1. Taking the Cα centre of the chain as origin, work out the dipole magnitude from +1 charges on Lys and Arg Cβ and -1 charges on Asp and Glu Cβ, in debye rounded to 20.
2. Only counting other Cβ atoms within 10 Å, I'd like Val76, Val118, Val124 sorted with the fewest neighbours first.
3. Taking the number of other C-beta atoms within 10 Å as the exposure measure, put Cys90, Cys84 in order starting with the fewest.
4. Can you pull out the trypsin sites (Lys or Arg not before Pro) in the stretch 47-132 that DSSP calls coil and that have at most 13 other Cβ atoms within 10 Å?
5. Within 10 Å of each residue's Cβ, count the other Cβ atoms and sort Trp63, Trp73, Trp43 from fewest upward.
6. By its C-alpha gyration tensor, with a ≥ b ≥ c as the square roots of the eigenvalues, how is the stretch 44-127 shaped: rounded for a/c under 1.5, else prolate for a/b larger than b/c, else oblate?
7. Give a quick list of GluC sites (Glu not before Pro) in the stretch 51-132 that DSSP marks as loop, anything other than H, G, I, E or B, with at most 16 other Cβ atoms within 10 Å.
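Computed from the coordinates by the stated procedures, all read-outs in this text should not be read as laboratory data. What you see is a predicted model, and the numbers here were worked out from it, not measured in a lab. Neighbour counts run over all protein chains shown; Cβ positions are idealised from the backbone, glycine included.
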Amino acid sequence: MKQSTDSIFLIFSHKLTDAQIDELKGTGISNFEYLPRNLQNLWSGVPPNKESLNGYLNPIFEWIKSKAKSNDWVLVQGDFGAVCLVVDFCFKHSLVPIYATTKRNTIERMENGKLIKVSQFEHVRFRKYERI
């Protein structure tokens with residue numbers, strides 16, 4: 001994936017894995033901007049009982065606007081409705097929203113007469129969000 005910036009803004013609930021960092025550095029990214037703790041708590045705690053997220057994400061939008069420049073990348077993953085709003089915001093502000101793709105490896109084993117299934121997720125690549 002080609003990029004025209006050295007910065008990425010991380011709007012998701014986890015830390016990047018070593019494989020993800022390596023892939024991003026391979027594209028020229030050198031500046032990784034994680035959400036400040038208060039905004040991370042807001043993003044990770046989107047209330048499922050809220051009728052609308054209108055206004056709820058404004059602090060995150062303000063943070064992005066204060067730091068990002070045109071063509072910066074924004075990794076967006078989380079609550080589906082919140083993701084849609086942030087991705088739309090990115091498109092409207094000439095930012096490049098991306099997400100991580102993964103491969104699921106399922107391991108099954110018998111333990112004490114019970115079938116245990118464990119899913120391991122392996123990073124595959126980043127992909128740009130698209131519009132039709």
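1. The dipole magnitude comes to about 140 debye.
2. Working: Val76 23, Val118 9, Val124 12.
The fewest-first ordering by Cβ neighbours comes to Val118, Val124, Val76.
3. The most exposed by this proxy come first: Cys84, Cys90.
4. Filter output for the stretch 47-132: Lys50, Lys69, Arg131.
5. Values: Trp63 18, Trp73 26, Trp43 22.
Final ranking by Cβ density, sparse to dense: Trp63, Trp43, Trp73.
6. oblate
7. Here the GluC sites (Glu not before Pro) that fit, given the DSSP loop and packing criteria, are Glu51, Glu130.
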